Amino acid sequence: MRATIKYRLVFLALMVISFVIGVHWTPEALASDTDKRALYLISVLYFVLLPLSYWYCIIKKGAQKLWKIIIVFSLSSLVARLSFPAEVAHYFEFIAWLRYPIIAVLLVIELYLIVSVVRGLFKVRKLKGDPRVGAVETYREGDEKSLTIALIMASEATNWFYAIAWFSRNHPPAIANIHLHSASRWHVWLMLTGCIMASCGSYFLLVSWSEWAAIIVSSIIGYTLMSMVANHRLSRYYSLYFMRDNVVINNSLWGFMVINLTDIADVTNQPLAKIDQDDSETISIGRGQSNVTIKLNRPVIYHGGMGQLPEPMTVIHLSVDEPQQLINTLNSARLLNAA
């Protein structure tokens, strides 16, 4: 596991523990100095320690934008509004008023999804490859913000493209299969079951607050069923393939790389005793021992978080089913491309 992933998991664990402890130990009323001190410590935990942890683990170590720290402040304010004593909670009343713009935003998202489905279905009719690859090719040397927006716009078409077999019938064949959990049948059934349970659970949790919000949120969660099917088919059949002059590496639907053949410096299958997971420009894709190493002559972006967490990479370790075949194929393609 890479260092950036470890830091994200560390922050997630700290956030969950902090909110559980805070809600459990928050006094119901400020009846004594002990209650005031307890509330003061919990406030420091919510609004000082958690934001500092987010800044260090996500923004600094994960090389993300500083404005994203507003996420943790918003979550802390919401928890404070729901759990703090009444004489203090009213200072966070603005969170309660947010229910109306939140519902409005959810309605807009719902309408956008409907429009996106229609547009996505129209766009993927004759595609021969992942729409995200075209976005990367277009903005590879351009503005990072433009590429981020392009990947967001391409995500809907990508989901439909891989979820429905007929749409991906003209997809370039795989040159190797990466060993991924998401390629397993048990994994996709587990994810589908969890999604259905989450959709139903969110409805019952929100219906007492707002029936509209319950319907919208549960339907949005249910809509991710399509993404889970796409994730499985992508991982099982199209984890590694050629598209034009590029090698496309898919770490499930979550992350991918588009590597131009001219950027590949070396491809080997030398066994490695230990992969340096603390090297920010080294990534290991696939479960089990890596059996193919691709070295690049310049950093190439790994688009994690479905394209929203870009990280430059110079070394890629892969665990594939046919390592020697992959090495021979890549080396032959490099020679043809250079000729």
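At-a-glance table
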{"read-out": "Largest to smallest accessible area among Thr329, Thr293 [probe 1.4 Å]", "value": "Thr329, Thr293"}
{"read-out": "Rh (Kirkwood; distinct C-alpha pairs) - segment 211-330, Å", "value": "15.8"}
{"read-out": "Ile220-Asn331 pseudo-label distance in nm [points 7 Å out on the Cα-to-Cβ vector]", "value": "5.1"}
{"read-out": "Linear extension gain, Cys200 paired with Asp266, 0.36 nm per residue minus alpha-carbon span", "value": "18.8 nm"}
{"read-out": "Per-residue SASA entry for Lys61, accessible area with 1.4 Å probe, Å² rounded to 10", "value": "80"}
{"read-out": "Potential extension, Gln289-Tyr40 segment - 0.36 nm per residue separation minus Cα distance", "value": "84.8 nm"}
{"read-out": "Residue-level accessible surface for Asp35, protein heavy atoms, 1.4 Å, Å²", "value": "40"}
{"read-out": "Whole-Å distance, taken between Cα centres, linking segment 186-207 and segment 16-64", "value": "29"}
{"read-out": "Kirkwood Rh, angstrom, segment 125-225 [1 / mean 1/r, Cα pairs]", "value": "16.4"}
{"read-out": "By accessible area with a 1.4 Å probe, ligands and nucleic acids excluded, highest first: order of Leu326, Leu49, Leu335, Leu225", "value": "Leu335, Leu49, Leu225, Leu326"}
{"read-out": "Sequence-separation-based contact order of segment 219-332, relative, with Cα cut under 8 Å and 6+ spacing, percent", "value": "23"}
{"read-out": "Coarse-grained scattering of segment 39-87 at q = 0.14, 0.22 Å⁻¹, given as base-10 log I(q)/I(0) from a Debye sum over alpha-carbon atoms", "value": "-0.37, -0.75"}
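The values are calculated or read from the model by the stated rules, or taken from the named source; none is laboratory data. Please read these numbers as outputs of a predicted model, since none were measured by experiment. Glycine gets a Cβ as well: all are built from the backbone with ideal geometry, and neighbour counts include every protein chain shown. Note: accessible area is taken over every heavy atom of the protein model, side chains too, but ligands, DNA and RNA are not part of it. Shrake-Rupley method; radii C 1.70, N 1.55, O 1.52, S 1.80 Å.
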